[in-house]
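Below is one structure, written out as structure tokens; comments come after it.
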Amino acid sequence: MAIPATVLKVLDDWHINYQLTDDQELFQLMQSNPPASYSAKVANVVFLKDTIGQVQVVIPGNRLLDLNQLAHQLGRQFTALSGAELEKLKRQHGLTAFPALPQVTGIESLIDSHLLEQEELFIVSGGGEEWLKLPMEQFRTLITRSRIGDYTATLHTDIHYQDAHQDLDDVHAALKQFTPLRIRQRLNETLDLPPLPETARRIIELRIDPNADTTSLAQVIELDPGMSAQVMSWARSPYYGTRTEIKSIEEAVIRVLGFDLTINLALGLSLGRSLSVPKEGPHGYAPYWQQSVVTASLCAELVRQIPTRLRPNQSLAYLCGLLHNFGYLVLGHVFPPQFTLVNRHIEANPHVNRMYVERHLLGLTREQISACLLQQWRMPDELIAAVRQQHNPFYEGEHAEYARLLYIATRSLRRHGFGDGPSEQTEDYLLDTLGLTADKVEEATTNLIARMDDLQVLVQMLNR
């Protein structure tokens, strides 16, 4: 796609000398892992608002926009523009993405001083996958009317994937830092987290009982009216293509879902319902249960594409997808005031994987705290490993196939605009270890998104 007319006009009017490059060339130039977009040479623009009006902040890709610093320096409390507001701004200026050129929108601009340390900058063109490469002296001519200051914090992408004991230390450190003294005195050495739900406890007992059958599973589910309704809704969903009427839980298990999928589905639903979905989530991202159901369904679809000799258990893969973002619920439960602050920073840093935002603000990630709770509840080892290591492409420990499956599924969904983070590439070697190809993953994802209306029936049931 050509450079938008509004961008070309700025470049021409200001006599800017630039070169064009594309995503692949940018990656080669940066030779980066993590993504090239985390480079100090990449300029990102973030749009914020308050009661006074809107501002645009231009920051380097290797730093986090810090709303606290902005508030301290400007005396203004900013939040990010909503998705609808950003789309309206794009239409107004004929853009598909926002270039970090203040004159394109004409909105008051703030420039982070760290950006000016580079000799050249890479800026998205605003029309497609092409990037503008500008010498720094050219960029400086564009920001003569902008306010320059220190508005960012260092982006630490070198997260260490430690063992469970160190994760627990991080959780306790965060609890001590953010939990009021009166509550902290009651914590002692235990987490202020809910007990394992009774339905989940019964399901776990069934999972390890070699004599468990569909009748015993149906009896456990029927003890929980809400769970029963959800399982029946699943079995009757158009997604599973059921052509005959399902009248009982046992029929749902035998004729549609199967024992393994039902038991893991029931377990995931039980745990997901143990904590309420926070009302103050980040704007612009898919709601919790929609994200859970879609990711779980893609994990199951991808398992079907994996060669038999490498194939993980499909129902366990579904459970991993269903609970991959369980830490979101845990964070909202344990750190309510900080949870809101985290979400506002996630909105203000769409170019950054949100685990870096959480680590910066809390000293831990949602994956750490959810893995600790799942371990405390004695959940399946496969689930704990997948949830904890889902963003670690180098994990080669036990049950790595489930973590890799989550890594591939979530990033494929993000590339289709579905999920909670920036677009990130999946390393080829991860696909190779599961016998997958980029084409197979893309096909499975496209087919799933085409059936989103069928999945929405399941999501609506969970949101009741």
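The values are calculated or read from the model by the stated rules, or taken from the named source; none is laboratory data. No experiment lies behind these values; they were computed from the predicted model shown. Neighbour counts run over all protein chains shown; Cβ positions are idealised from the backbone, glycine included. The area values use the complete protein model at the heavy-atom level, side chains included, leaving out ligands, DNA and RNA. Shrake-Rupley method; radii C 1.70, N 1.55, O 1.52, S 1.80 Å.
Is it the case that the stretch 254-262 has a residue that's among the small types (G, A, S) and farther than 16 Å from Q390 by Cβ?
Step one: list which residues in the stretch 254-262 are among the small types (G, A, S), which gives 258.
Those still in the list that are farther than 16 Å from Q390 by Cβ too: 258.
Checking the stretch 254-262: at least one residue is among the small types (G, A, S) and farther than 16 Å from Q390 by Cβ.
Checking T144 against (1) part of a loop (DSSP other than H, G, I, E, B); (2) in contact with a Phe, Trp or Tyr (Cβ under 8 Å, 6 or more places away or on another chain); (3) modelled with pLDDT of 70 or more; (4) of a type in the set (V, I, T), which test does it fail?
Tallying (1) part of a loop (DSSP other than H, G, I, E, B); (2) in contact with a Phe, Trp or Tyr (Cβ under 8 Å, 6 or more places away or on another chain); (3) modelled with pLDDT of 70 or more; (4) of a type in the set (V, I, T), T144 fails exactly one: (2).
Given the options L48, L95, L116, name the one that is in a helix (DSSP H, G or I) and touching a residue at least 24 places away in the same chain (Cβ under 8 Å).
Answer to the check: L116.
Condition check ((1) crowded, with 18+ Cβ neighbours inside 10 Å; (2) charged (D, E, K, R); (3) more than 22 Å from T365 (Cβ to Cβ); (4) at pLDDT 80 or above) across all residues:
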position: H160; (1), (2), (3), (4): no, no, no, no
position: A173; (1), (2), (3), (4): no, no, no, no
position: R201; (1), (2), (3), (4): no, yes, yes, yes
position: D224; (1), (2), (3), (4): yes, yes, yes, yes
position: S233; (1), (2), (3), (4): no, no, yes, yes
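Just the residues that are open to solvent by 10 Å² or more (accessible area, probe 1.4 Å) and closer than 25 Å to M379 by Cα, please, taken from the stretch 407-418.
Y407, T410
Limited to the stretch 1-18, what total is found for residues that are exposed (fewer than 12 other Cβ atoms within 10 Å of the Cβ) and either under 18 Å from E137 (Cα atoms) or β-branched (V, I, T) (or both)?
Qualifying residue count, the stretch 1-18: 4.
Cβ contacts < 6 Å: first residue under 19 Å from M452 (Cβ atoms), restricted to the stretch 296-316; second residue of a type in the set (S, T, N, Q) and open to solvent by 10 Å² or more (accessible area, probe 1.4 Å), any location; separation 6+ or different chain. Result?
As it stands, the answer is A300/Q314, since those pairs meet every condition given.
Please determine whether any residue of the stretch 248-257 is of a type outside the set (A, V, I, L, M) and surrounded by 21 or more Cβ atoms within 10 Å (Cβ to Cβ).
No, the stretch 248-257 has no match at all.
Give the stretch 2-41 a look and list any residue that's at pLDDT 70 or above and under 25 Å from N392 (Cα atoms), or say none.
The initial filter retains those residues of the stretch 2-41 that are at pLDDT 70 or above, namely 2-21, 37-41.
The answer is S37, Y38, S39, A40, K41.
Does A371 qualify as being of a type in the set (A, V, I, L, M) and out of contact with any Cys (no Cβ under 6 Å at 6 or more places or on another chain)?
yes
Which ones in the stretch 55-79 are within 24 Å of the chain's Cα centre (by Cα) and either loosely packed, with under 15 Cβ neighbours inside 10 Å or in a loop (DSSP other than H, G, I, E, B) (or both)?
G61, N62, D66, N68, F78, T79
Does the stretch 229-257 hold any residues that are assigned to a helix (DSSP H, G or I), of a type outside the set (D, E, K, R) and closer than 13 Å to L458 by Cα, and which are they?
Hits for the stretch 229-257 are A229, Q230, V231, M232, S233, W234, A235, P238, Y239, Y240.
Among the numbered conditions (1) at pLDDT below 75; (2) in contact with a Phe, Trp or Tyr (Cβ under 7 Å, 6 or more places away or on another chain); (3) more than 26 Å from S370 (Cα to Cα), tell me where T214 comes up short.
For T214, the exception is condition (1).
Here is a list of conditions, (1) within 22 Å of N353 (Cα to Cα); (2) open to solvent by less than 30 Å² (accessible area, probe 1.4 Å), and S82 meets all of them except one; can you say which number that is?
Going through (1) within 22 Å of N353 (Cα to Cα); (2) open to solvent by less than 30 Å² (accessible area, probe 1.4 Å) one by one, S82 breaks only (2).
Can you list residue pairs whose Cβ atoms sit under 8 Å apart, with the first residue in the stretch 214-226 being more than 14 Å from I263 (Cα to Cα) and touching a residue at least 40 places away in the same chain (Cβ under 8 Å) and the second being open to solvent by 40 Å² or more (accessible area, probe 1.4 Å) and assigned to a helix (DSSP H, G or I)? Count only pairs 6 or more apart in sequence or on different chains.
Pairs that qualify, where the first residue is more than 14 Å from I263 (Cα to Cα) and touching a residue at least 40 places away in the same chain (Cβ under 8 Å) and the partner is open to solvent by 40 Å² or more (accessible area, probe 1.4 Å) and assigned to a helix (DSSP H, G or I), are G226/R273.
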